[in-house]
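The values are calculated or read from the model by the stated rules, or taken from the named source; none is laboratory data. On a predicted model such as this, the values are computed, not experimentally measured, just so you know. Cβ placement follows ideal geometry from the backbone for every residue including glycine, while neighbour counts extend to all protein chains displayed. SASA here: full protein model, heavy atoms, side chains in, ligands and nucleic acids out. Shrake-Rupley method; radii C 1.70, N 1.55, O 1.52, S 1.80 Å.
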Amino acid sequence: MSDPADNVELDSILKKLEKEGKTLEKNVKQSLETLQQVLLQRKEFEHNVQLCQTWLDQAGVSLSAEIRRPNVEILDDQHHQYQKLLAECASFGNRLVNLKSAEDEMCSGNQLSKGEEALLKQNISSLCQKHQRIAVQVKDRINAVESAIEQQRRVKDRVQASLEHLEQIYQQVHALNKPIGWTPDDAQELLKAYQDALGKIHNFRTEVENIQTETTSSGGASALSALQELLKRQDDLIQLVEQQMARIRQLVIVRQQFMALIADIAAFITKHSDVVRDIESSGRSIDEKISRYDQNQDVVRDALNEKGKDIMRNADPDNAEKISSQLGVINKSWKEALNGLDTKSRDINKMLDVWGDHNVHLKEVENKLAVLKERVHSVDVVTLGLSQLKDIAPTVEDMKNQCETLKAKVERMEMTGKIAADHMKPFSEKSAAEISEKVAKHKELHSSLMRAIEEKVSWVGEELGYIQNLNHSIAALKNSAQEMLKKISQIDVYSQNSDASSSDCESCLGSAKDLQQRTRDFTEETQKHFSSHHLTVPSETTKELSSLELLAESSSTKVHDALRDIKKAKSLWSDFDKDVDAIKEWLVRSEEALDQKGLEPAALKQSLQQIQAELSNFSDIFDRLSRDGQFLSEKVHNEADKEKIESTVTTLSDRLQNTKTVLEQKFSQIGESLESWHRFLQLYENLKEWLAKQNTFLDQPLTFSTLGDARQKHQCYSYAVKDCKNAMKRVNDMARELNNINQVSNSGALASKLAEIESETHQVDNIVQERCALLGEMCEEWDQFEKKLKDVVTWMDKGETGLHSAPQGKKRSLREQLQMRDKMFQDVPIQKTKISMALEKLLVHFRLKVGDPSEVKKREGEMQETLDKLLVKLKEEMNTLEKCVVQIEEYQQEILKIRHEVSHAEQQLRLLSTPNYGSEGKDFQAFQQSFEDLSTDEYTLSRATADVSDDEK
């Protein structure tokens, strides 16, 4: 049975453990709740950071696009978008301010490591800088858009004004379109008016082009479109004015010519008798006499009438009547004068009709013969190829048809020539002989052209037939060569069955030699044909023969290449099979050695080293086998051979790779097992030393009386917490090393060592964590207490400065000073309460027997005493100020009363001083004395009020 004393002691220990367990559970729950709250705040912080980053990226994308300036409406829309972006920018600016505050709070609360604090500050700073850049860019864009809108609106107004100005010019030009007088001066005046209008249009166009230049720089597409339309209308108007000016210039010329014709005809009427006498006495030819009789007076008359009609069409009724009257006098003068000439030329006109008809036929035949002769000479049928002969055959046939068709026209020309010569003989024998000579010459030319064309037609037909047959023969030989090449290419020269491939190649070799001989013979026959006709071989035929010879030579070369490749393939197949057998044999031996389980580690390591030494040599053999197999697979035609090569290479590659992998794993397992054992023992010794140091550290008492000492102690425990984390990490490293050892061998007593060190480390870690948390909370509350004391001192200093500093104090009224002291008086109890509450929160930690609270209690008492003194002082000042305010209000009431009496006295004085007032002078003097007394009283009270205020200030 157990001892009762032991049971009591055991009971006490269990209760103590239970109490400590509940306390620990409570502390853990509180820590979890705090951590949960921090986690939520951190998630919200990260969410806001992500929102800001996303918006900044989107804003950057929006600002990357250039401003579009096609019209004011689109610019207004962009302006609205940028304004919206500016509002969002301000909103996210506030969000960044909140993030900055949260950042400061996290950094000041020791929630982050130094690296995390630096990274956080860098990220928030980067966001703020990017936000500032975005804000500046948005404002710049808004200013640019507003400037573009204003500029485009100005351009729009100027375009509208230009349109109105253009319409005015249109009206001015339209007004110039009116009937013109019959004299050249009338047309000249209208021409000058059009020139002035054209000058205005060109000046106006310069202004519009300047507007267009400004608009192009601002990018307004709609304004540019309107300006382009305006410029087009200007161009149309300029073209219209220039057409009118050209028409008027022509009318000026017509009027000048009209006046000149009138003068010419008048001069002719006076000298027509001399003209007739001169023609008859001259020894000129018939043609020349007839032309002299004509004298062009009919033409002149017709021209005069025509120009008169042109002028009448553009003249007003009065001028048209004058022109018509002048034309009638001229025509009547102008007919009597020509009657004599008409009789002389009538007899010749009959002969001219016959001669003219012959000249028409002569000219037609002459022109057609000239064209035909040129075509005949342009056709060269020497050394033409098939395509040229095909192109030229329709041409020579067409020339033959034209020449045959022209034969009827030549006969018609011969007949009219004979008639014309007969009619010409009475007038001129020489001219008649010339007509007959020309007819004979053209008839002979037609016959010679006919003979030349028939020769060309015959030659083209013969050569075309020969070259077509020649091309058919070349095509047949080419087909034979192509079939030969196709047959050679189908021989599987890299097949494993090399005997069949060799037999096929020998057969193709004889056919190739025969084709070469036939090609040489055919080429020689073709060259002999053209040489016999003293011609060179056409370029097309030469190219075809060269191509044929190359094909024949290529077939022979291909056969020899195939025979050479067959020998090469036979050697490659032999090497490939030998390498495959060697690798397979080595793989079987290596795989058996790697699968052995019963060898000692040293023997196993020696076996692995032997395999590793052989692996390099057989990898080289496999590389050679792979290269040969790939070459054969690419060249061989037989699908079965291809599949065999690819399957063999793939299988050997997989087995080699698997052998390499297993070998590396075996080496790694042996080496890692030995290294893990050494690292485990080293970690064990390190942790034993660390536990001894930590136990010594935990035995030290927690004694301190100042915040600096508490923070220093908390810092020590914070380092200890981090040290515990490192220790736990090393315990985990020991477990991992033990696991690595167990995978390869037995770990022995290492497992018990791990359990021992893990238990002791956890125990130390729990104690350090608990004390560190306690000291951290205490330092935080103590820091809050110190901040409260500093805040109260700062509050008192600011209050004293605000109450008594100059010149602000002098500018405030007594009532404002009273209100300030009253507010400060009301705030003093609040400050006292804040200090008391801060002290109570701090004393909770001192009650846990950590540190000495006497110093903080003393400081709290001193601050409470200082605040009490401040209350007494404020109360005294408030009482004094209240009295002063009451006295000033009484003075002010007296001043108002005296001012009212002064005002009334002023009215009475003005009444007494008027000339119509009938009282004696003594009344006026009495009132004047009363007014001066009241003014003196008012001044005295005002000074008294000011003195009271100044004294209090």
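Observations on the structure shown:
- With each label modelled as a point 7 angstrom along the Cα→C-beta vector, the ARG153-LEU231 pair spans 2.7 nm.
- Positive-end residue of LEU96, HIS174, SER147, charge dipole of region 25-176 with Cβ unit charges: LEU96
- Mean-position separation - Cα centroids, region 533-551 and region 751-771, in angstrom: 103 Å
- Computed from label points 7 Å out along Cα-Cβ, the spacing between ALA475 and GLN490 is 2.3 nm.
- Modelled this way, with points 7 Å down the Cα-to-C-beta line, the labels at ASN98 and GLN612 are 6.3 nm from one another.
- Per residue accessible area of region 357-512, 1.4 Å probe, in Å²: 56 Å²
- Full extension of the chain segment joining SER546 with ARG812 gains 83.9 nm, where the gain is 0.36 nm per residue of separation less the Cα-Cα distance.
- Taking each residue as 0.36 nm, the span from SER718 to LEU535 lengthens on full extension beyond its C-alpha to C-alpha distance by 54.7 nm.
- Near LEU166: Cβ cut-off under 13 Å, other residues only, Lys/Arg at +1 and Asp/Glu at -1. The net charge is -1.
- Cα centroid of region 415-456 to Cα centroid of region 812-868, whole Å: 145 Å
- Peptides ranked, highest mean first, by Cβ atoms within 10 Å: ranges 34-42, 871-879: 871-879, 34-42
- Given R0 = 30 Å, the distance between the Cβ atoms of LEU843 and LYS29 translates into a calculated FRET efficiency of 0.85.
- Solvent exposure of region 744-798, expressed per residue, is 54 Å² of accessible area, with all protein chains present and a 1.4 angstrom probe.
- Calculated FRET value between GLN826 and GLU207, using beta carbons and R₀ = 56 Å, to 0.05: 0.15
- The LEU681 and ASP595 beta-carbon pair, evaluated with R₀ = 30 Å, returns a calculated FRET efficiency of approximately 0.40.
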